[in-house]
1. With 16 Å as the cut-off, how large is the P(r) tail for the stretch 279-364, expressed as percent of Cα-Cα pairs?
2. In the stretch 72-112, which trypsin sites (Lys or Arg not before Pro) fall in coil by DSSP and have 15 or fewer other Cβ atoms within 10 Å?
3. What is the Rg over Rh value, at two decimals, for the stretch 79-125, using alpha-carbon atoms and the Kirkwood definition of Rh?
4. What value, in deg cm²/dmol to 500, does the helix sum -39500 (n - 2.57) over DSSP H runs of n ≥ 4 give at 222 nm once divided by the residues of the chain?
5. Regarding the stretch 415-524, what whole-number volume in Å³ per residue does the convex hull of its Cα atoms give?
6. Go through 208-218, 473-483 and give me the packing order, highest mean Cβ count within 10 Å leading.
7. How many Å³ per residue does the convex hull of the Cα positions in the stretch 108-229 occupy?
8. Run the numbers for residue 394 and residue 466: contour at 0.36 nm per residue of separation, minus the present Cα-Cα distance, in nm.
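Laboratory data are not the source of any read-out in this text; all were calculated from the coordinates shown. Keep in mind it's a predicted model, so treat the numbers as computed, not measured. Here Cβ is always computed from backbone atoms with ideal geometry, including for glycine, and neighbour counts include all displayed protein chains.
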Amino acid sequence: MAHATQPLPENDRPSSSSIRGVRSAAAEKRPPTLSTVLAPERLLEAVSQHIAVCVTDSQGILLQVDERISQLSGYRVDELLGKSYGLLLSGGEMEQSNRAFWQSLAAGRSWKGELKLKNRQGEEFWIELTATPIVGDSGGVMFYVFSQTDITSFKQVEAALQNSEDRHRALMEQANEAILLVDMDGWLVAANRRAEEVTGYPRDELLNLHMQQLVPENFRHRLLDLHQEVLEKRRDAFRGGMLLRKDDRLVPVDLSCAVIESGGQRVIQSILHDITERKKLEAELIRARVVAERANRAKSVFISRISHELRTPLNAILGFAQLLESDEEIPLADRHREEVSQILNAGWHLLELIDDILSLSSIESGGLRVELAPVPVAELLRECRDLLDPLARERNVTLALMPVSENLVLVADRVRLKEVLLNLGTNAIKYNKINGCVSFSVVAETERVRINVSDTGIGIRPEKMQHLFEPFERLGQEDGNIHGSGLGLVIARRLAELMDGNLGVWSEFGVGSTFWIDLPRARE
Ligand code: ADP
């Protein structure tokens, strides 16, 4: 003992059976070891850095007290000597939690456990105590050696843990989702109120179940995988699956698992989200979509038929108007020539509109097939330029073709791609300014080829951009004198998509626009 301040009375001193006596006697017989090299006093001194030691008589009256006890309790050593150890016990000797300790002492047995002590200021603190009886020659207990360690901070941590666990359990109980805690072998160790509702099992039955009993046969291996994943990868995992209720009903659930500490052990926390309503909604949506798609197809078929029906009389109108216009035997009067030209203009416009509607409806009904094949880019762009040239001249617009490698080949349906480029080119000329410019340029990457059609035209207002690819949307041009159906870009984009491509635009109002189409590059 480091600081035993008062020697024991001579007749109370332990004889050969005392701690020191027993140790020295044993040491004499043994070969030199650490314990024989180090004097028992030094050993005790070292130990008492962590352990507070005191000696009592068989009744628990303090005979020798170490300085650490004084530090812990706030009493001076001389104040404690001769007093009962019970002075230090919080709640006194009769307190329920202290009774077992006191009874062991009375029976001369050793005791080990946790006790709550009270210091001089009345503040409580926790110690872990080992009370070792020292038996005299007569066989009776002469002394007790009490060695104690302050475990207050450990107790505080334990209490905090308990607190957070209580809070976790309270939160779990209030949660709207079913929560199950499963031990490492898959047995349920806790469940909340919602889990009882979702599974149909009362809690006491749930806590006797293995997690596998809560899922149908065909989902068991997936559940096992899920738990394995959570344990091995130490991260939360999520899966959709089925829950098997007590009444044998199957409930679709989203299952999310995580490993947590609960009650001092690692457990898997499984949160089950009943998605019956969502699944019902999804099924309804799918049903509604199927109905809508069927209606859409019927509409497309109707449009396609009606368009064919309209074309026949329209072709007759256009044909006869052309005959009237070109009849040299009976030439038209100037006034009539003007009127027939109006009939022809309106007729061509109507035919263009019917053609566009027909194309769009055949794309939408899935009736349009594309035939993808390698297309040399430079050659195709030259053809487009030549076809657009008359319109460009008519509108005083310069057409330019930026240099393109003759070897560059992309994959597309040649006829459809040409249709798209002519549409973009026509728009670039139509919506241009006087003396404006339209240019075709190409950017080739390893996998894709982009063709840009740029103009120095009127551009598109930013707020109108979002409507650009909507059918019949002419962004205000319907009031102007440039003819159009508002379908060209919709068709162009759909065709681009059918050819595994994309079609997009960059535009600045008053400055110009660049429409582009991206397509797969052909392998060399
Ligand atoms: P249409 O030209 O028959 O009206 P489109 O679908 O080809 O139909 O184009 C839709 C609208 O987009 C046009 O009416 C026009 O307002 C606008 N637009 C298309 N291309 C350009 C362009 N290059 N510059 C400015 N506006 C354009």
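1. 65
2. In loop regions of the stretch 72-112 (DSSP not H, G, I, E or B), the sparsely surrounded trypsin sites (Lys or Arg not before Pro) are 76, 83, 109.
3. 0.97
4. -14000 deg cm²/dmol
5. Details: hull volume 11.7 nm³, N = 110.
Once divided by residue count, the hull of the stretch 415-524 is 107 Å³.
6. 208-218, 473-483
7. Enclosed volume per residue, from the Cα hull, is 208 Å³.
8. Values: separation 72, 0.36 × 72 = 25.92 nm, distance 3.10 nm.
Additional length available on full extension: 22.8 nm.
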